[in-house]
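Data block below; observations after.
The values are calculated or read from the model by the stated rules, or taken from the named source; none is laboratory data. For clarity, every value in this text was computed on a predicted model and none was experimentally measured. Cβ placement follows ideal geometry from the backbone for every residue including glycine, while neighbour counts extend to all protein chains displayed. Protein only, heavy atoms only, side chains kept; ligands, DNA and RNA dropped before computing areas. Shrake-Rupley method; radii C 1.70, N 1.55, O 1.52, S 1.80 Å.
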Amino acid sequence: MRKAVIAGNWKMHMTCAEARAYAGSFVPQMADLPDDRVVVLAPPFTAIAALSEALAGTDIKLSSQNVHWDNGGAYTGSISADMLKEHGVSYAIVGHSEPRKYHSESDEQINRRALSAQAADLIPIVCVGETDSQRSARETERVIRRQVEQSLEDLDPSRMVVAYEPIWAIGTGKTCDAAEANRICGLIRSWVGYQDVVIQYGGSVKADNIDQLMAQSDIDGVLVGGASLDPISFARIAQYRVPVTI
Ligand code: PGA
């Protein structure tokens, strides 16, 4: 049985003081979390230490929003896996569409980042997804298959998460239809070739669509941006309820 991974990506939001205040509200709401899921918060690098302290003694995990492929060296502005581990980080988002777009990150670089994460015992959350125009041109499957093949090369599929994030659904309020998101996640599972790989959906996930998304057979969690910034809405997402089928 795959354990669901519910991750909140704060992007470039939250000072240390705001992160502490968030934890003060969020942690008590996680007290009775069912044990079929893991909750992860991905603050900006500067708030990792403060949040790590605020989450001490809880089951909530920490993620970075990126990680460098090298362990150290002349890479101004970068952070290594060992630096993250020192603060109790256990996941690392790589290949998110924003660094792919604004920093021209390639699948090859993303693959190296993910490999360095795994080498340091971090679990990479590797993002893939098509643009609006690629979907309109019916290139979705081809684009995602290429991203899967190149970004995930040589990774251990039992120690990674793949996040299917259609770019047109990120921050737009346009959630991908749950059945379609499930279809793509199923394709990704078959391309990875490992039945138990954890696959998230991301893109305008909210408190009012989480239950429907998590009811899908191939969606094993979510990567949440905007709705993770409010501790009440993200707590509702983490406490998703899936109808019991007999
Ligand atoms: P969103 O972002 O939930 O605000 O659409 C998702 C993401 O970028 O991971």
Helix-only CD estimate at 222 nm, as mean residue ellipticity for the chain, using -39500 (n - 2.57) per DSSP H run (n ≥ 4):
-10500 deg cm²/dmol
Return the long-range amide H neighbours of residue 172 (sequence gap of 5 or more, or a different chain), with a cut-off of under 5 Å between placed amide H atoms.
204
What percent of all Cα-Cα pairs in region 68-147 falls into each 10 Å bin, going from 0 up to the bin containing the maximum distance?
18, 45, 25, 11, 1
If the cut-off is 21 Å between C-alpha atoms, which lysines fall inside it for residue 3, apart from same-chain ones fewer than 8 positions away?
61, 206
Answer check: region 136-246, Cα atoms, Kirkwood Rh, Rg/Rh ratio of 0.97
On alpha-carbon atoms, Rg over Rh for region 6-49 using Kirkwood Rh?
0.99
Where the only charges are on Cβ atoms (+1 Lys, Arg; -1 Asp, Glu), what is the dipole of the chain about its Cα centre, to the nearest 20 debye?
320
What's the center-to-center distance, using Cα atoms, between region 13-59 and region 192-209 in Å?
21
Taking springs between alpha-carbon atoms closer than 10 angstrom, which of 182, 66, 209 fluctuates most in the Gaussian network model of the chain?
209
Out of 224, 150, 6 - ranked by how far each Cα lies towards the positive end of the dipole of the chain, with unit charges on the beta-carbon of charged residues - the top one is 224
Of all DSSP beta bridges in region 53-193, antiparallel share, percent nearest 5:
0
Under Karplus coefficients 6.51, -1.76 and 1.60, residue-wise ³J(HN,Hα) of region 53-66 in Hz, glycine/proline x:
5, 5, 9, 4, x, 9, 8, 6, 9, 10, 10, 8, 9, 5
Select from 210, 44, 27 the residue farthest towards the positive end of the dipole of the chain; place +1 on Cβ of Lys and Arg, -1 on Cβ of Asp and Glu, and compute about the Cα centre.
210
Rounded to the nearest percent, how much of the accessible area of region 116-246 (1.4 Å probe, protein heavy atoms only) is carbon and sulfur?
50
Based on the mean of other beta carbon atoms within 10 Å per residue, what is the order of 67-76, 34-43, most packed first?
34-43, 67-76
Contour excess over end-to-end distance, with Cα ends at residue 103 and residue 35 and 0.36 nm allotted per residue:
20.8 nm
Quarter of the surface of the C-alpha convex hull for the chain, i.e. direction-averaged projected area in nm², equals 12.7
